[in-house]
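In what follows, a single structure is set out as structure tokens and then discussed.
Every number here is computed from the coordinates shown, using simple stated rules; none is lab data. Since the structure is predicted, the reported quantities are computational estimates derived from the model, not experimental observations. With ideal geometry, Cβ positions are generated from the backbone for all residues, glycine too; neighbour counts draw on all protein chains shown.
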Amino acid sequence: MPMPKKKSPHSLAAINHIVVLMLENRSFDHMLGYLYADNGNVSAAGQPFEGLTGRESNPGASGAAPVEVFEIAPGTASTYYMPGADPGEGYAATNAQLFGSSTAPVPPVASNQGFVSNFDSTLAWEAKQKWSILPGTVAADIMGMHTPRTLPVLCALARGFAVCDHWFGAAPTETLPNRAFVHAGTSQGHMDDKTKSFTAGTIYASLGKKNVSWKIYGYTADPLTRMSFPDLVDAPDANFGHFADFQADAANGTLAGYSFLEPSWGSSGNSQHPNYDVALGEQYIHDVYTALRHGPAWNETLLIVTYDEHGGCYDHVPPPTNAVPPDASTGEFGFDFRRFGPRVPTLLISPWIPPGTVLRAPAGAMPFDHTSILRTVETRWSIPSLTARDAAATDVSAALSLQAPRTDDPLAGITPPVSKGANPAAGRPSHLQQVYAELVSALPVPDAHGNTAHAMPALHTEAEYDRYIDERLAAWKASRPASASR
């Protein structure tokens, strides 16, 4: 491995490669709440950790007895499909989970006591719509939490490097607005997935202006992110790849300065979206880390593993209300962007980070959210902020506190788990596949007569959506000038 460069006061000078893996729809407590339960919620480095005590509860549905949090049992058919169905995740559902009402009170003081009730109503609605529900699922299952026994990869990395226990979703709503914040520092006022693309400038355009290399990777398909922003649609094809390309880049020492990785979006994929197979996501996290750990640039790399939003999964910490709005306009539903979404799991992984680190933003600062990733990239390469939100964000450089890189491997001897159950959603198209198909259907692909008008065909299965997306992208690329591929 190359000799590490001398570190500067902001601790990022040794880092030449920032890699982000963003997974789907899991809350902090659901994935990491029991991380340090065996040590009284204190890390091995002696740092306090905002985890579960096991006494947290929610009122039962329809006046039933309170439901306490409980550990998801390892080795069962349902272990990696909990909570068994897709919880509510939009703005109204998140309000119901936090406040007990679809409308936030004034002031917005959250009690986080509506998760069971909201899951109960969500299950009833999904049953009528014939959505995928694991047989036997009940509202109380939303209080089931993973442990280091069920998530050995995620938890070993969280213990072995740094975990951010006060990292919040950028907005209290679903996937696409939160993903917009990590790429552009704003959702431009949008608060649900009805808006599928955004016109804001991205961090990738800013990196290009600084001649800093970047690349976005899908898993076995081109990345959805590319279709979400005009400056990415028009970017060279060489800036996009698949996970196999990422593995090759890591092994060959050709990683870009900034890399962003997506999971596979199908219901049989590794995104960890409820109720898909969480074990496949454990394998993906393992594979990303292993590719970097064994590559020649490991001593120059910071890997950030995070999740776009909580996805309706229980968390006991009320989201703060000191978020800086990204811009002046009021958002959809009258939302002012001054409060965050619930906590999401976030890990910081680098040989410059001591084991057992629990990192939070400094007292008085805006807490970590997805724009802390932007702030970290901007700090490392002296890039101007995109919006007022990332201008106010805190970077994660404080985690990189060692004077020399470590050589140990916290994942040594750790084997990713394998699910024993059958995926209840397998073969069904996922929401983000549907989003992706709609976006690629609008690409200007000329037919034999030069016409670009196109109507998306009827698609019914996971495989049909994958095929359509791949074929449509291939046709679009083939129709572009040769210079677009470079």
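Just a few scattered comments:
- Here the contact order of the stretch 431-485, divided by its residue count and restricted to Cα pairs under 8 Å and six or more residues apart, works out to 41 percent.
- Cβ crowding within 10 Å averaged over residues, with 278-285, 193-200 ranked highest first: 278-285, 193-200
- Taking the centroid of alpha carbons for each part, the stretch 9-80 and the stretch 144-184 are 8 Å apart.
- The listed peptides 452-462, 223-233, 20-30, 238-248, ordered by packing as a protection proxy, come out as 20-30, 223-233, 238-248, 452-462 (highest mean of other Cβ atoms within 10 Å first).
- Model label zone, Ala124; criterion: amide N under 14 Å from point 7 Å along Cα-to-beta-carbon; scope the stretch 55-76: 61-64
- Computed label-point distance, nm, for sites Glu68 and His449 using a 7 Å Cα→Cβ extension: 7.1
- Shape class for the stretch 97-157, computed from the alpha carbon gyration tensor (a ≥ b ≥ c): oblate, with a/c not under 1.5 and a/b at or below b/c.
- Count Lys and Arg as plus one, Asp and Glu as minus one, and take only other residues whose Cβ is under 14 Å from that of Trp381; the net charge is then 0.
- The slack between Asp234 and Val109, meaning 0.36 nm per residue of separation minus the straight C-alpha distance, is 40.7 nm.
- The stretch 393-468, relative contact order in percent, only Cα pairs under 8 angstrom and at least six apart counted: 31
- For the chain, relative contact order (Cα pairs under 8 Å, six or more residues apart, normalised by length) works out to 24 percent.
- Charge dipole (Cα centre; +1 on Lys/Arg Cβ, -1 on Asp/Glu Cβ; no other charges) of the chain amounts to roughly 1060 debye.
- The stretch 335-368 versus the stretch 215-282: alpha-carbon centroid distance in Å: 23
- With the highest mean first, a sort of the peptides 204-215, 60-71 on other beta-carbon atoms found within 10 angstrom per residue produces 204-215, 60-71.
- Magnitude of the charge dipole for the stretch 431-485, about its Cα centre and with charges confined to Cβ atoms of Lys, Arg (+1) and Asp, Glu (-1), is about 260 debye.
- Excluding same-chain neighbours fewer than eight residues apart, the aspartates and glutamates reachable from Lys194 by a Cα-Cα span under 15 Å are Glu89, Glu174, Glu332, Glu438.
- Nearest-0.05 FRET efficiency for Val324 and Val42, computed from C-beta distance (R0 22 Å): 0.10
- Of the residues Leu280, Thr357, Phe229, the one whose Cα sits farthest toward the positive end of the charge dipole of the chain, with +1 on the Cβ of Lys and Arg and -1 on the Cβ of Asp and Glu, is Thr357.
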